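The values are calculated or read from the model by the stated rules, or taken from the named source; none is laboratory data. Please read these numbers as outputs of a predicted model, since none were measured by experiment. Here the Cβ positions follow ideal geometry from the backbone for every residue, glycine too, while neighbour counts run over all protein chains shown.
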């Protein structure tokens, strides 16, 4: 019975339809409005503050909240000062917004510039000559919005960046295996370049998610096993960075220009298929048949290199030929795979 109910709950999980951050933003707006109504304070700007201050991590909410409140004080002070001397004119809005941005930037309060500027311009239209009262009320509502968004961000639907990074890493490796096969089978250079850039961008996003996880651990409980698993995951991501580097080199080479015999091309194709299969395998296992293929590729590299040295002596050329460069990059990929295999074996033991 419990298994059935668990499956039902999974199917009804609202996070499948609405992101966790969206839910937290809506909840922060509701709680902020509720508190302001109970205290008979203006609701609008408090809710705006709560909405714009929900961050990806609880750590960011806390750190940026400590910056945003003093920044809001600066914006409120400029708004009241210029309205006192100039009234609610166009120049008042321009000066309050501009000087708030400049001051926050000079004081290194950049994370609070948006809230501070919104505070400044929103206060001008609602002051009605009650300058000190408006100043206190506006800062109170700003503080309520900041505190509510931070508390909700910390307590409600905490993000699981560890699992997100794991899924992203597996996806990156699988897509890179497909990309390698397309390269050898003569895929369009433009399409290969587009896919390579996409993978590079996804890798950068994954590194960002990993940083979010580190920030989350500053304020949440975690154990040694989680840290060890995450460390292995980061190693895999670093190895993937190396793999993309070798992919970038391969994309500027063309197997058709290598002018290899059909037998040698077959050796390269089999090695590529095997490397691609290992990349797609979440465990990245290296089997005996793969090692045999790499030994053939290694022998081919040695023979082609000797041939190139002999040709260089005749023609005084010093650069690598296309065929030698392709084989070299594939062997370099193999070196990364061997390190990856060791990391994955260590992951199983842990």
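Quick notes
- Just one of the listed residues (291, 268, 275) is buried (at least 20 other Cβ atoms within 10 Å of the Cβ) and either outside the structural domain of residue 326 (by TED's automatic domain parsing) or modelled with pLDDT of 90 or more (or both), and it is 275.
- Flag for residue 100 being buried (at least 21 other Cβ atoms within 10 Å of the Cβ) and over 30 Å from residue 214 (Cα atoms): yes
- Among the criteria (1) under 22 Å from the mean Cα position of the chain (by Cα); (2) free of Cβ contacts under 8 Å to residues at least 12 places away in the same chain, the one residue 191 does not fulfil is (1).
Each row is one residue, and each column tells you yes or no for (1) touching a residue at least 40 places away in the same chain (Cβ under 8 Å); (2) at positive phi; (3) outside any loop (DSSP other than H, G, I, E, B).
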site	(1), (2), (3)
31	yes, no, yes
34	no, no, yes
56	yes, no, no
61	yes, no, yes
74	yes, no, yes
98	no, no, yes
112	yes, no, yes
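- Matching residues, the stretch 232-259, being in a loop (DSSP other than H, G, I, E, B) and surrounded by 14 or more Cβ atoms within 10 Å (Cβ to Cβ): 253
- Yes/no for residue 168 being closer than 24 Å to residue 345 by Cβ and crowded, with 18+ Cβ neighbours inside 10 Å: yes
- Of the residues in the stretch 123-131, at least one is in the same structural domain as residue 26 (by TED's automatic domain parsing), assigned to a helix (DSSP H, G or I) and closer than 26 Å to residue 63 by Cα.
- Screening residue 172 with (1) free of Cβ contacts under 8 Å to residues at least 12 places away in the same chain; (2) within 15 Å of residue 333 (Cβ to Cβ) gives one miss only, at (1).
- Options 229, 263; residue that is in a helix (DSSP H, G or I) and farther than 30 Å from residue 299 by Cα: 229
- Hits in the stretch 183-197 - residues which are exposed (fewer than 15 other Cβ atoms within 10 Å of the Cβ) and under 12 Å from residue 247 (Cβ atoms): 193, 197
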